[in-house]
Structure formats: structure tokens, C-alpha cells
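Chemist: Please read through the structure below; I'll follow up with questions.
The values are calculated or read from the model by the stated rules, or taken from the named source; none is laboratory data. Since this is a predicted model, take the numbers as computed values, not measurements. We place every Cβ from the backbone using ideal geometry, glycine too, and count neighbours over all the protein chains shown.
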Amino acid sequence: MASLQRLRLKKNEDRRIKQGHMWVFSNEVDTQATPLKNFALGEQAIVEASNGKELGLAYVNPNNLICARVFSRDTKHQLGMTFFKKRFQQAQALRELNYDQPYYRLAFGESDGVPGLVIDRFNDVFVVQISTAGMEAFKDDILQVLINLYHPRAVVWRNDTASRELEGLERYQSLAYGELPEQIELIENGAKFVVPALGGQKTGWFYDHRSARARCAELVEGKRVLDVFSYLGGWGILAALKGATEVACVDASEAALDGVHVNAELNGVADKLVSYQGNAFEVLSALAQQGEKFDVVIVDPPAFVKRKKDFKAGSEGYRRINELAMRLVVPNGVLVSASCSHHMPRATLVSQVQAAASHIDRTVTLFDQASQAPDHPIHPAIPETEYLKTLFFRVSPKW
């Protein structure tokens, strides 16, 4: 086992790490004792308190604000094939506790003890996203463990997130192993979908909304449904399959809407589905001008608040899109409003929907809520791992 350098924290800067958080910020490091410039990009190190007590193992990026990420409290467990095998097996057991089919997020970064690593499983195809230099250094080990454990048909690298640039890494997509089918298939809540192997959004699919989509599907029988920011139709196709009479999907991407129609055919609901391509704000305004109304409107936008400094503008974006959506809801119909922005608190989303309702003389009643699905577990000591919220409102005329 290689001898490791030590990364010493300043006095009283170990509290968060002791409580279970896994990030070390550069201003918490005693750079007099352990200069960050002495560490190579992605190097493993022993993190220690100011008194020299060992706190765990981390990998280091001397050039980033998050300069180290703890991956083990036991300093004997360095990164390598044994480490990844154990972590993947633990993660797999949690997924099997919740799902009986092999379609889920297998590894969710810090929440599964693998900071900087996300793996989505589509049966025998695995899509891997590495966002840090520390994990990039071990991508060959990650790949080999996946091959050994699962004997996959294909493994894909989707290492194209913007955060890689902060880590000094190039962005790329490529086939890492095996033969890649033209389309990846999955089953979610009884609906079938095909997603692009390369070129789709993020890892190709958003498993995180699975629980919320299932709840929404309980509300749609005999209803007319509008799915805004639909991507490949995760909400809308399931709604059509569960008894909606008509589903309209809205997305800015022509390729995404092509995928919606493919998935509609796959599920035998093509006759129920129409689509509108364009900017969601503009499409909803046009539908309102045309006098369109829907029983259930789903608004699942991309993150409007990606960073704290975006909060004011992003928060206003949530108010505006929900107001436009509300105008299209029949009296006493349902608005499903979602946010995937960690920096957008649930309470603020509620207040912005309420503000939108007040502005157009509607009354909203919050009757249910959902969080991210169980394959996106939340680490109690790391607030950043909890990001998704979905709110179910009845929209009534003003009381």
C-alpha cells in the first residue's frame, strides 16, 4: 500500500467532517503545515484534524474550492478495485430493496460513498459519469469492476459535465466497453422507454422523478394532460398509459420530441399524444391565447437556480412558469410543479407558486409532495445530496 501524504485541517475546521460531510474546502486547510501546492491532481491523502487525529481518506484537487473529497473513514481503504467492488455491492443491495427490475441509478456520488461518480443502469448497459479528477484517475478500475460484477453488454462514459472543467478535466463521451445498441431500453412504472445511448441529456434518462411520476399517474384517468419540459415523455407517456385521454408534450428539443413519439408508439398510446416544440414560456403563452385547458399540467423544468448567485432570477423563473401553467389548468384541476435546483428550497418553491396564484386570482391547495426516488438516496450529513422536490396542487378559482 502506497504511503500517503497528509492534509491537515485548521483548528475547529474538522467539525463538519466528523459529522459525516465529505467535502473539504480550501480555506479549511492548514496550508502552513500541508501546502495544497504539494499535492498532485487527484492524489489520495489522509485527512487529519489540527491535533493530528486521522479523520479519513480523501482525494485532493489543489486547484478547486472543494479541494478534497473524503471517500472512506478507514485510512486502510484506498481507492482501487476492492474499494469499488464493495461500494457497488452495497449500492446494489439498496436498489434491490426498492426495485425488482435492473433499471435504476446504481451509484449516486457521495450518498453511495463514491464522491464524483454516478452510474445509471439500463439492464445490461451502464452509463458512467465521472466529475472529479480523483475518480478519473481510477476509471480503469471502475470499468473493470463493472465488467467483473455485471458482465455488461456495454459501458458508456458520459464524462461531459461542466463541473469537469473546474477539475481541470476534458469533457468527452465514448464507448468504454462492449457493443452499444442504437437505443437503450428501460422500464419504469410499467411503461417502456428507449433513450439515446449517446447525445441525450445528462446520462440519458432522469430516474430521480420515478416516484413522483407514479404518484401523478394516479391522478390522470380520463383527464387531459400537459407535460411541460417533457424530454422523452417520462411523465406524459406514463400518463397516457394510465388512462389519460389526451397528452400534450412540450420541449425545446426536436430530437427529444421525436423520442416522445417513438416512446408513444412503443407503449401503444400514439393516438393520444401531440407535441409542441419551442420555448416553454412562449408555448404556454400561445396555448393560453388559443383558449386551451388541461386537467393536469406538469412543469418539470431544468435547474433555474444552478448557483446561489442565480437565486433571484431563477426564483422569478419558477414563479413565471408556474403562473403560465396555472392559466391552462381547468377549475379545480391539478398543477404538478417540480424543481431540481438544490439552491431552490422547497418552501421557496411553494411560496413562488402561491405568489403566481395570487397574481392571477387563483387559490392553490398543496395536497401532496414527492422527493427524489430511492435510487437517489440522501446523505443526512450532506444537504447537497437532497435537491429534487415535486409539489402537487389543486388549482381553484379564488376563494
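Chemist: So the check is Cβ under 6 Å with 6+ separation or different chains; which pairs have a first residue in region 252-271 that's touching a residue at least 60 places away in the same chain (Cβ under 8 Å) and a second one that's of a type in the set (G, A, S)?
Modeler: Going by the 6 Å Cβ cut-off, the qualifying pairs are N263/G233; N267/A191.
Chemist: Looking at (1) outside the structural domain of S285 (by TED's automatic domain parsing); (2) in a strand (DSSP E or B); (3) of a type outside the set (K, R), which is the one condition that is false for V247?
Modeler: (1)
Chemist: Also, I was wondering about something else. Being surrounded by fewer than 24 Cβ atoms within 10 Å (Cβ to Cβ) and more than 24 Å from G168 (Cα to Cα) is the filter here, so list the residues in region 126-146 that pass it.
Modeler: Matches in region 126-146: Q144, V145, L146.
Chemist: Can you name the condition, by its number, that I184 falls short on among (1) at pLDDT 95 or above; (2) buried (at least 20 other Cβ atoms within 10 Å of the Cβ)?
Modeler: Only one criterion in (1) at pLDDT 95 or above; (2) buried (at least 20 other Cβ atoms within 10 Å of the Cβ) is unmet by I184, namely (1).
Chemist: Are any of the residues in region 155-162 farther than 26 Å from G80 by Cβ, part of a strand (DSSP E or B), over 18 Å from the mean Cα position of the chain (by Cα) and outside the structural domain of V269 (by TED's automatic domain parsing)?
Modeler: The answer is no; no qualifying residue exists.
Chemist: Right, something else. May I ask you to list the residues in region 125-149 that are outside any helix (DSSP H, G or I) and touching a residue at least 60 places away in the same chain (Cβ under 8 Å)?
Modeler: V125, V127, Q129, T132, A137
Chemist: For the condition without any contact (Cβ under 8 Å) to a residue 40 or more places away in the chain and either not acidic (D, E) or not in a loop (DSSP other than H, G, I, E, B) (or both), what is the one hit in L219, L198, L175, L180?
Modeler: The unique qualifying residue is L175.
Chemist: Between E110, E165, which is under 27 Å from K306 (Cβ atoms), modelled with pLDDT under 95 and not polar (S, T, N, Q)?
Modeler: Criteria check complete, one pass: E165.
Chemist: Please specify each residue of region 29-66 satisfying the condition of being among the polar types (S, T, N, Q), farther than 13 Å from K10 by Cβ and surrounded by fewer than 21 Cβ atoms within 10 Å (Cβ to Cβ).
Modeler: The answer is N38, N63, N64.
Chemist: Let me ask you something else. Where in region 1-96 are there strands (runs of 3 or more DSSP E), lying wholly inside it, with at least 1 residues that are of a type outside the set (K, R) and more than 19 Å from A137 (Cβ to Cβ)?
Modeler: Once the strands (runs of 3 or more DSSP E) in region 1-96 are filtered for at least 1 residues that are of a type outside the set (K, R) and more than 19 Å from A137 (Cβ to Cβ), what remains is 23-25, 43-48, 54-60.
Chemist: In addition: Considering P345, P397, which residue is under 30 Å from G20 (Cα atoms) and surrounded by fewer than 20 Cβ atoms within 10 Å (Cβ to Cβ)?
Modeler: Of P345, P397, the one residue that is under 30 Å from G20 (Cα atoms) and surrounded by fewer than 20 Cβ atoms within 10 Å (Cβ to Cβ) is P345.
Chemist: Let me ask something else about it. Scan region 301-318 and tell me whether some residue there is more than 27 Å from the chain's Cα centre (by Cα) and buried (at least 22 other Cβ atoms within 10 Å of the Cβ).
Modeler: Checking region 301-318: not a single residue is more than 27 Å from the chain's Cα centre (by Cα) and buried (at least 22 other Cβ atoms within 10 Å of the Cβ).
Chemist: For I321, indicate whether it is touching a Pro at 6+ places or on another chain (Cβ under 7 Å), in contact (Cβ under 8 Å) with a residue 60 or more places away in the chain and crowded, with 21+ Cβ neighbours inside 10 Å.
Modeler: Considered against the rule, which asks whether it is touching a Pro at 6+ places or on another chain (Cβ under 7 Å), in contact (Cβ under 8 Å) with a residue 60 or more places away in the chain and crowded, with 21+ Cβ neighbours inside 10 Å, I321 comes out as yes.
Chemist: Then there's this: Does G134 qualify as being over 30 Å from V297 (Cα atoms) and of a type outside the set (F, W, Y)?
Modeler: yes
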